[in-house]
Amino acid sequence: MSEEEADRYRIEAEECRRLAERAIKELDKEAWLRLATDWMKLAEGASLRDERKE
């Protein structure tokens, strides 16, 4: 389950990066990139939880 969660979080992070690329305002771009970073942290945490279960 955790690896599936991690994959979903990575997809969300990628979507945030795509939205950042299309952002007109620099403030919006920065916000999307912060969200992408947060999603990647969640993905890393989910992967770690999955590894500990093995």
Length gained, residue 49-residue 29, 0.36 nm per residue minus C-alpha separation, equals 4.2 nm
What do you get for Rg/Rh of the chain when both radii come from the Cα atoms and Rh is the Kirkwood radius? 1.13
If you fit an axis through the alpha-carbon atoms of helix 26-53 and take the longest principal axis of the Cα set of the chain, what angle between them do you get, 0 to 90°, nearest 10? 0 degrees
With every protein chain kept in place and a 1.4 Å probe, the chain has an accessible area per residue in Å² of 79 Å²
Can you send over the carbon and sulfur percentage of the accessible area for the chain, probe radius 1.4 Å, protein chains only? 53 percent
Relative contact order for the chain: what is it in percent, counting Cα pairs under 8 Å that are at least 6 residues apart? 50 percent
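The values are calculated or read from the model by the stated rules, or taken from the named source; none is laboratory data. Treat the numbers as computed from the prediction; the structure is a model and nothing was measured. Quick note on the areas: whole protein, heavy atoms, side chains included, nothing else; ligands and nucleic acids left out. Shrake-Rupley method; radii C 1.70, N 1.55, O 1.52, S 1.80 Å.
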